[in-house]
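Below is one structure, written out as structure tokens, with a few remarks after it.
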Amino acid sequence: MRIRRIVIVLLFAITHQAASAYNDHRNTKVDSLEAVLASGRVLTDKELLSAYDELTRGYLPYNGQKCEEYGRRALALTYKLDNLLIRQYTLRHLGLLRYGREEYDEALSYFQQALAVTDTMATQKRYTQKDLDDARSSLYGTIGNLYNMQDKAHLAIHYYQKALPIFERNGWLESQCVCYYNIGELYRQMENHAESERNYLEAIEKGKTSGDSLMMTLPKKGLADIYFDMGKYGRALQTVDEALAYYQTHRAEEPTDYATTLALKARILLQRGERPHDLVKEALACMPDDIMFDDASSIFLAACEAAMAEGKWKEALAYGLRSVHPDSTATYSDKDGYRLLADIYTELGQKEMARKYMNNAYDIMNRYATDHYQSGLSQMKVLYQTEKKEAQIATLDKERALYRWLLVAAVVAIAALVTGTILIIIVQRRQKALMVAQVALEAETNERRFLARDLHDGLGSILSLVRIKAEKTEVVTLVDKAIVELRRTAHHLMPEELLRNGLVSALNDFAVSVPNTTFSVFGDIQTDRNRELVLYRCAYELVNNAMKHAEATHIGIQLMQDGHELVLTVSDDGKGLKTENDGMGLQNIRERISSYKGVIDIITAESQGTEINIKLPL
């Protein structure tokens, strides 16, 4: 989408302002520096490094060959002079050069090298906190942008969220605005309306504080979109009017946004039973010549729906056809246009064409589900490895501090025997902790694999049935069921409510999302995040097993803290288990809770339901 790309460039500009000093039409800075190098004047290594660094940044926006040449020279000198600050600058600029060429893998490699250099800088007192904040926030923001451009939402959000605390600590309001907006956009594309709304509202608040009217308007338009999708047409209309007020006074600067906002308001009014003919007419009339396809599509969709509301089916058909890509380049965004075209051809009595576009909609949804599954699985794997490396780095930092303390204690006390004993105890405990952590990580990997398989198999079978029944009345119900299944399972791959508000809130939300399921809690639940995650995953797997295999009409989830243990109970009134070792799900749960010395108790009888109790000592 055009807005999303603009905001990414804005964040890029905020976090890399230094390069802009060279980007004028005369290029006087780089010309004068090159003249000095060509003059034959003898320069020190430090002077040369400064010149190469400035030339790398200066040539970055418009001469990639020279940027690369001087970047290589700068890198070589940073090793000779042990200058980590300029080394990470140079690696970042070489990565940005690849980023601009859309060579994303090469760009990411440079950014990761720059992050490694920044981690080394953090261990040396010669670099200030400002040096570290500037370097890390720029790299996190840029890596987030890179993943955003590749439609890797989970990874992009991860790096934006790593940049946010640095922006907030330093009071960089413009960067906060852009970051919150980008995260809101990504969550909207993932159809996570709650998180999308929360981040849009944060962006608006930061925009108010900084006085940036554009950064208050962009998230308002995003909010109007999600309220429209959620059927909250009153709130959508209020919010889109606030955005439209800005674009009406900035039509020359933002012609595309003005036209698309008019179209969005028209679609909202149509859902409220009104006939916004003038809005649609104006949106069509003010479309700029260089408008991007996705933006033009949203306007043609509004025109199509308006014509359908007035029974002008041939006019609606013309607009509907213009709202979708050719079949060979169709994307997920075309599904709405395909559905409208199927309805139009039905009204026109052309059943074959109606069937074609309905099948196109199913194909798009099926392909999106498969691609989304594969992409999500790949991103989860990358995130897992990233978090594992970050945890290793944090552990190493703690160990360095511990070893320094032990050295001082040994010198002061001259107690070599005592110090040696302490070291042995620390090593033994660390080895034990590592073993426990490895078991937990392996269990987490198994759980993600299970959930991913559940998403793929469950949704795949439903969509296959949709294809078979494409001409029958059950189609809409089956499609709705597929969408619900996708959202529910994908959401619980990353239980964000658990991370934000804890286990009780997460289990309550989960129970609400599952039909005929209740949740109750007893006692003041207080435990660490790892045990919360273990119990949440256990509850999720047990409820899914009950839904799929037990033929239960009611499922109960109960959480209780009693003395020195946490007890999770999941019960159902289904057909019972054949054996207490029935299925891989229970085996996975046993492996998961064994890391915490947990026990599982199963009470089951044929046709009398099942009760499973999981106890974790505190």
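Checking ALA330 against (1) open to solvent by less than 30 Å² (accessible area, probe 1.4 Å); (2) closer than 26 Å to GLY273 by Cβ: exactly one of these is not met. Which one? Result: ALA330 fails condition (2) only.
Picking from ASP294, ASP290, which residue would you name as being touching a residue at least 40 places away in the same chain (Cβ under 8 Å) and surrounded by fewer than 22 Cβ atoms within 10 Å (Cβ to Cβ)? Walk me through how you get there before you give the answer.
Working: ASP290 fails: touching a residue at least 40 places away in the same chain (Cβ under 8 Å).
Just a single option satisfies the conditions, and that option is ASP294.
Of the numbered criteria (1) modelled with pLDDT of 90 or more; (2) polar (S, T, N, Q); (3) over 24 Å from PRO617 (Cβ atoms), the one SER571 fails is (3).
Candidates in the range 74-97 are the residues that are buried (at least 17 other Cβ atoms within 10 Å of the Cβ) and of a type in the set (D, E, K, R); of these, the one that is nearest to the chain's Cα centre (by Cα) is ARG92.
Among the residues of the range 505-517, how many are touching a residue at least 24 places away in the same chain (Cβ under 8 Å) and either buried (at least 17 other Cβ atoms within 10 Å of the Cβ) or touching an Asp or Glu at 6+ places or on another chain (Cβ under 9 Å) (or both)? Break it down stepwise before answering.
We begin by selecting, within the range 505-517, every residue touching a residue at least 24 places away in the same chain (Cβ under 8 Å); these are 506-507, 510-511, 513-514, 516-517.
Checking the rest, the ones that are also either buried (at least 17 other Cβ atoms within 10 Å of the Cβ) or touching an Asp or Glu at 6+ places or on another chain (Cβ under 9 Å) (or both) come to 506-507, 510-511, 514, 517.
The qualifying residues number 6.
Each row is one residue, and each column tells you yes or no for (1) charged (D, E, K, R); (2) touching an Asp or Glu at 6+ places or on another chain (Cβ under 7 Å); (3) part of a helix (DSSP H, G or I).
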residue: PHE519; (1), (2), (3): no, no, no
residue: TYR536; (1), (2), (3): no, no, yes
residue: GLU541; (1), (2), (3): yes, no, yes
residue: MET560; (1), (2), (3): no, no, no
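Quick check on the range 589-604: of everything there that is in contact with a strand residue (DSSP E or B) (Cβ under 8 Å, 6 or more places away or on another chain) and in a loop (DSSP other than H, G, I, E, B), which residue is nearest to LEU577 (Cα to Cα)?
Here is the first cut: in the range 589-604, the ones in contact with a strand residue (DSSP E or B) (Cβ under 8 Å, 6 or more places away or on another chain) are 589-590, 593, 596-604.
Adding the requirement that they be in a loop (DSSP other than H, G, I, E, B) leaves 596-598.
Values: TYR596: 25, LYS597: 24, GLY598: 21 Å.
Across the range 589-604, the extreme among qualifying residues is GLY598.
Quick check on SER607: is it over 29 Å from the mean Cα position of the chain (by Cα), surrounded by fewer than 18 Cβ atoms within 10 Å (Cβ to Cβ) and not in a helix (DSSP H, G or I)?
On the way: over 29 Å from the mean Cα position of the chain (by Cα): yes; surrounded by fewer than 18 Cβ atoms within 10 Å (Cβ to Cβ): yes; not in a helix (DSSP H, G or I): yes.
Yes, satisfied.
For the range 566-584, check the following and say yes or no: at least one residue is surrounded by fewer than 21 Cβ atoms within 10 Å (Cβ to Cβ) and part of a helix (DSSP H, G or I). Looking through the range 566-584, at least one residue is surrounded by fewer than 21 Cβ atoms within 10 Å (Cβ to Cβ) and part of a helix (DSSP H, G or I). Which one is farthest from LYS80 (Cα to Cα), of the residues in the range 34-49 that are in contact (Cβ under 8 Å) with a residue 24 or more places away in the chain and open to solvent by 30 Å² or more (accessible area, probe 1.4 Å)? Ranking the qualifying residues of the range 34-49, first place goes to LEU48. Each residue in the range 174-219 was checked for being over 13 Å from the mean Cα position of the chain (by Cα), surrounded by fewer than 22 Cβ atoms within 10 Å (Cβ to Cβ) and of a type in the set (D, E, K, R), and 7 of them qualify. How many of the residues in the range 535-553 are open to solvent by 20 Å² or more (accessible area, probe 1.4 Å), under 15 Å from THR518 (Cα atoms) and under 34 Å from the mean Cα position of the chain (by Cα)? Of the residues in that region, 1 qualify. Note on the range 226-265: among residues that are aliphatic (A, V, I, L, M) and part of a loop (DSSP other than H, G, I, E, B), the one that is least open to solvent (accessible area, probe 1.4 Å) is MET230.
Scanning the range 98-127 for residues that are under 26 Å from the mean Cα position of the chain (by Cα), open to solvent by less than 10 Å² (accessible area, probe 1.4 Å) and more than 11 Å from LEU146 (Cα to Cα) turns up ALA114, THR118.
Filtered by the rule that a residue be among the hydrophobic types (A, V, I, L, M, F, W, C), over 17 Å from TYR187 (Cα atoms) and open to solvent by 10 Å² or more (accessible area, probe 1.4 Å), the range 130-151 gives a lone residue, LEU132. Total residues in the range 322-337 satisfying the condition of being in a helix (DSSP H, G or I) and in contact with a Leu (Cβ under 7 Å, 6 or more places away or on another chain): the figure is 2.
The values are calculated or read from the model by the stated rules, or taken from the named source; none is laboratory data. All values reported here derive from a predicted model rather than from experimental measurement. Every residue, glycine as well, gets a Cβ built from its backbone with ideal geometry; the counts of neighbours run over all protein chains shown. The area values use the complete protein model at the heavy-atom level, side chains included, leaving out ligands, DNA and RNA. Shrake-Rupley method; radii C 1.70, N 1.55, O 1.52, S 1.80 Å.
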